[in-house]
Structure formats: C-alpha cells, structure tokens
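The values are calculated or read from the model by the stated rules, or taken from the named source; none is laboratory data. From a predicted model like this one, the values you see are computed outputs, not experimental measurements. Please note: Cβ atoms are built from the backbone with ideal geometry, for glycine as well, and neighbour counts cover all protein chains shown. Ligands, DNA and RNA are excluded from the accessible area calculation, which covers all protein heavy atoms including side chains. Shrake-Rupley method; radii C 1.70, N 1.55, O 1.52, S 1.80 Å.
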Amino acid sequence: MKQALNLASRAQSHGDVPIGAVIVKDGKIIARGENQVQVLGNPTLHAEIVAINKACKKLKSKFLDGCDIYVSLEPCAMCATAISFARIKNIYFAASDLKGGGILNNSKIYETDKHLWKPKVHQISEYADESAQLLKTFFQERRKIKNGE
C-alpha cells in the first residue's frame, strides 16, 4: 500500500488527483499506475486503469488471474468494473470514497448478480488517514488556485 501512496503523491505532483495503484502477483509488484487524467487529458486514465493496462501487457493476457490490486482510494464504478473484467482476485484499498466510490459507497457494483467475477474486497484502514490527507490537501490547493488566492 505504501507504493500506491507514493504513486498518489507523484500524481499530485503533475496536477492529477492523488491516487495510486499497484498490481501484485506472487508477492511481487508487476505494474504500477497513478492518475493521469489531467496530464494526458483522458478521463479514463485512473490509476487502476493505468496499472491494469500495464499488467495485461506484462503478462500478455487480458485476464489478471491470481493478481491483487492495492489502491490508495476506494475504486470508482468504472475502475471496479475494470477490475472485475480483468478477474483480479483481491482489491485492497486505503481510504473510502463517500462521493465517488463504487464498491462500499454509491453504486456498490459488486452487490449485484450481474458481475461474472467478484473480487474479494479489503480495506487497509491503517493507511486511510494518510490517503485522505493527500486528497484533502490536493483539493484545498485547487480551491485556493480557483479562488485566486
């Protein structure tokens, strides 16, 4: 999870919402991703999607069987669906996302019968405050810029 938080800080450094993700297979990190929505001008380039794309390329497979994903923030509905489509075994996340989360909050996509693959979901709450603080600081700074401070 620490690696995901480091990637979140890196995303923040280039103006993106500070969210990071790593994909692990057999105890080793095989892919990393950070939000790149702003820097590359693409609304789908969330940290999870970036990491999934890299992992699929590395494994030369559209499925990530036996892989786990660690994310600094609860995945949104888009990312949670992509995680399901990739057949990732476990999701570990730090902070809950009351506004945009798609697993424990809002759409709760894994609570339906419609997903063929449902990963196991785990919150690692000892990192929740660190992740939440990164996000809080980022949005405070954005509001200051917007308000001309």
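Below is a table of values for the structure above.
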| quantity | calculated |
| --- | --- |
| Residue-normalised accessible area of the chain, expressed per residue, 1.4 Å probe, Å² | 55 |
| Accessible surface of the stretch 1-79 [probe 1.4 Å, protein heavy atoms]: carbon and sulfur percent | 53 |
| Per-residue SASA entry for Y127, accessible area with 1.4 Å probe, Å² rounded to 10 | 70 |
| For V50, net neighbour charge (Lys/Arg +1, Asp/Glu -1) across residues whose Cβ lies under 12 Å away | +1 |
| DSSP beta bridges in the chain [antiparallel fraction, %, rounded to 5] | 55 |
| Answer label for semi-axes √(5λ) of the Cα gyration tensor in Å (calculated), chosen among (i) 28, 21, 17; (ii) 34, 16, 12; (iii) 25, 17, 14 | (iii) |
| Accessible-area value, D26, 1.4 Å probe, nucleic acids and ligands omitted, Å² | 130 |
| Relative contact order (%) - criterion: Cα under 8 Å, at least six apart; region: the stretch 1-80 | 31 |
| Length released on extending from R10 to I30, taking residue separation times 0.36 nm less the Cα-Cα span | 5.4 nm |
| Charge dipole magnitude, Cβ of K and R +1, D and E -1 - the stretch 51-103, Cα centre, debye nearest 20 | 360 |
| Angle in degrees between helix 128-146 and the longest Cα principal axis of the chain, rounded to the nearest 10 | 40 |
| Within the chain, helix-based [θ] at 222 nm, where runs of 4 or more DSSP H residues each add -39,500 (n - 2.57), nearest 500 | -11500 deg cm²/dmol |
